[in-house]
């Protein structure tokens with residue numbers, strides 16, 4: 001068994017993949033493996049990976065049928081031999097000395113998860129922002145962790161990023177935790193909420209872990225969002241916090257986050273016919289937990305109107321108002 005399994009799903013990343021892999025190869029510890037899963041790339045990504053695999057036996061390359069990033073990560077987890085696992089996207093790069101920092105922490109503390117801050121960079125390798133946890137270096141009190149999680153997640157998404165964590169792999173394996181292949185956005189937050197539920201000891205490091213590349217060709221820029229899935233994920237977060245003993249305020253941050261996605265579900269991607277819209281709304285109405293979470297706190301007048309109509313299950317009137325507004329804006 002090696003110490004660190006680094007999971008890397010790959011799809012059409014020929015411009016980035018070698019730099020990403022070499023950022024791991026440059027680490028000061030030898031106790032790692034890369035599980036690179038090529039998701040039927042149509043560019044030269046696989047050829048580059050095979051060349052790197054021949055150069056270093058710690059790089060293990062697999063190619064599978066194209067079924068998306070969550071399926072690729074699940075496959076990689078089934079092949080991982082490490083004591084700890086970290087995810088690294090094929091266009092991001094690991095910071096120098098990161099695994100050495102993990103070695104130091106783990107020599108002093110038996111922890112389940114290590115959280116790290118990270119940097120955002122652009123295509124010119126210029127740093128333009130950082131994502132911080134807000135926690136002091138060291139082991140975190142579990143009550144403080146869960147009480148801070150909802151506000152921090154809403155602020156900058158820190159706890160939902162897939163790459164800025166090192167996780168004891170036994171937590172994932174023993175609890176059968178996998179990425180949900182039906183979720184196309186925020187699947188990493190969904191995954192880690194289940195990990196957090198089972199973990200017992202959290203450590204926050206001040207060492208930045210990786211460079212997160214933001215570029216114009218990112219697939220997330222054009223992705224159609226399944227807002228109902230986002231509602232479900234936020235409800236899972238709310239239930240987790242309640243199960244951990246938090247007394248959540250009605251209309252607080254968790255309810256506002258759920259309501260934000262309910263608004264998007266109602267307003268965005270408006271179906272063409274009234275029947276299709278009403279059928280879509282029935283799905284929301286049947287979710288009692290979602291309906292109970294609706295709050296008007298902090299929302300503008302038009303969204304408040306849509307939410308009030310949702311609470312009254314007045315989908316036909318909603319459709320009429322939304323269509324009227326769209327026509328007034330020239331069909332947008």
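Values as computed for the structure displayed
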| item | result |
| --- | --- |
| Three principal axis lengths of the stretch 120-178 [C-alpha, angstrom, descending] | 42, 25, 22 |
| Cα gyration tensor shape for the stretch 74-121, rounded if a/c is under 1.5, else prolate or oblate | oblate |
| Computed over the stretch 175-332: relative contact order in percent, which uses C-alpha pairs under 8 Å that are six or more apart | 19 |
| Relative contact order for the stretch 1-86, counting Cα pairs under 8 Å that sit 6 or more residues apart, in percent | 45 |
| Scattering profile of the stretch 81-168 at q = 0.15, 0.20, 0.24 Å⁻¹ [log10 I(q)/I(0), Debye over alpha-carbon scatterers] | -0.65, -1.13, -1.47 |
| As computed over the stretch 11-157, the Cα convex hull volume per residue (Å³) | 141 |
| Mean Cβ count within 10 Å, highest first, over the residues of peptides 24-32, 68-76, 3-11 | 3-11, 68-76, 24-32 |
| Rounded, prolate or oblate (a/c below 1.5 giving rounded, otherwise prolate when a/b exceeds b/c) for the stretch 139-282 by Cα gyration tensor | prolate |
| Value of relative contact order over the chain, rounded to a whole percent, pairs C-alpha under 8 Å and six or more apart | 16 |
| Counting all C-alpha pairs of the stretch 227-328, share separated by more than 20 Å (%) | 36 |
| Extension gain, residue 40 back to residue 325 (0.36 nm per residue minus Cα-Cα distance, nm) | 98.2 nm |
| Residue-span extension gain [residue 304 to residue 175] - 0.36 nm each, minus C-alpha spacing | 42.4 nm |
| Rh (Kirkwood; distinct C-alpha pairs) - the chain, Å | 21.6 |
| Between the stretch 85-132 and the stretch 304-331, the alpha-carbon center distance in angstrom | 45 |
| Whether the stretch 114-219 is rounded, prolate or oblate, judged on the alpha carbon gyration tensor where a/c under 1.5 counts as rounded | oblate |
| Least to most buried among 42, 93, 254 (fewest other Cβ within 10 Å first) | 42, 93, 254 |
| Residue among 245, 272, 134 with the largest mean-square fluctuation in a Gaussian network model of the chain, springs linking Cα atoms under 10 Å | 272 |
| Degrees, to the nearest 10: 45-55 long Cα axis against longest axis of the chain | 30 |
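Read-outs: derived from the displayed coordinates by stated rules, not from any lab. Treat the numbers as computed from the prediction; the structure is a model and nothing was measured. Neighbour counts run over all protein chains shown; Cβ positions are idealised from the backbone, glycine included.
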